[in-house]
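Report on the structure given below.
Derivation of every value follows stated rules applied to the coordinates shown; laboratory data play no part. This one's a predicted model, so the numbers in the text were calculated from it and none came from an experiment. Cβ sites come from the backbone with ideal geometry, for glycine too, and all protein chains shown count toward neighbours.
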Amino acid sequence: MHDWNPDLYRRYEDERTRPAQDLLARVPLERAARVVDLGCGPGNSTELLVRRFATAQVTGTDNSEAMLASAHQRLPQVRFELSDIARWTPDAAQGGAPDLIYANAALQWVPDHETLIPRLFAALAPGGVLAIQMPDNRQEPTHRLMRELAAQAPWAEPIGDADRLRTALLGIGGYYDLLAKQAAQVDVWRTIYQHPMATPAAIVEWVRGTGLKPFVDRLPSALQASYLAEYERCIAQAYPPRADGRLLLAFPRLFIVAQRKPS
């Protein structure tokens, strides 16, 4: 997959940052010495962590050099690292176990949650918190249509198995069960945000920055244009104008906040 586009991602930064704020508001820590932002993107979530924990050592990690460059430009005082969440472990040279591991809209791209989530939780310091937010919109029209079109000619062959392009979530009960026996407390919930959008093209632009990217990246340029044109046509049918002429984009998100027992 091609590298991420920070400028495209940040066109809807206010809407993308709102769930990050909601996640952080439920973190039950008064202070933290070390905070890690997994999948920090262009640094919008990292900035929230720096404000909340002003005296903490905050580190942002991402697997995109473009995103890290954007984040560093935004927060030059913060340490940012190139890393793969699937293999990430705390750096002993940087202080060891974090008090907060925070992952906003990142883990849906990482496989094997049955192993990943307990591993991240175990990496925390005693009393530390694992805070996760993930889009839970695979069954929304935006994402159903991506897969349906990807199964049709002429796009099916270059895209391949569309169901493998994003990790299937375990659901609220599944994540609770992964953590409940080891945790002091587990808070899990699901919120459906409603975003008024100006046009079908605006919805396409939104998802091109994230969920649509793996589909489009696999297509040669000529097929990209036809796929996006047909996708936008389908989006226009799936999201009719509301009373003010705007389209209402429903965006479900799943949240997990789990705290380790103190030593």
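If each Cα of region 167-260 is one equal point scatterer, what is log10 of I(q)/I(0) from the Debye formula at q = 0.23 Å⁻¹?
At q = 0.23 Å⁻¹ the computed log10 ratios are -1.10.
Could you work out how much longer the chain between Ala33 and Ala168 gets when fully extended? Use 0.36 nm per residue separation minus the Cα distance between them, nm to one decimal.
45.3 nm
If you average the sequence gap of Cα pairs under 8 Å that are 6 or more apart and divide by the length of the chain, what percent do you get for the contact order?
Dividing the mean separation by the residue count of the chain yields 22 percent.
Order of 30-37, 121-128 by packing, highest average Cβ count within 10 Å first?
Put in order of decreasing packing, that is 30-37, 121-128.
Grab the alpha carbons of region 88-128, take their convex hull, and tell me the volume per residue in Å³.
Convex hull of Cα atoms, per residue: 75 Å³.
For every helix of n ≥ 4 consecutive DSSP H residues, a contribution of -39,500 (n - 2.57) applies; sum these over the chain, divide by its total residues, and give [θ] at 222 nm rounded to the nearest 500 deg cm²/dmol.
-11000 deg cm²/dmol
Counting DSSP beta bridges in region 6-260, what percent are antiparallel, to the nearest 5?
Bridges in region 6-260 that DSSP calls antiparallel: roughly 55 percent.
Of the peptides 110-120, 54-64, how do they stack up when ordered by the mean number of other Cβ atoms within 10 Å, highest first?
So the peptides 110-120, 54-64, ranked by packing, come out 54-64, 110-120.
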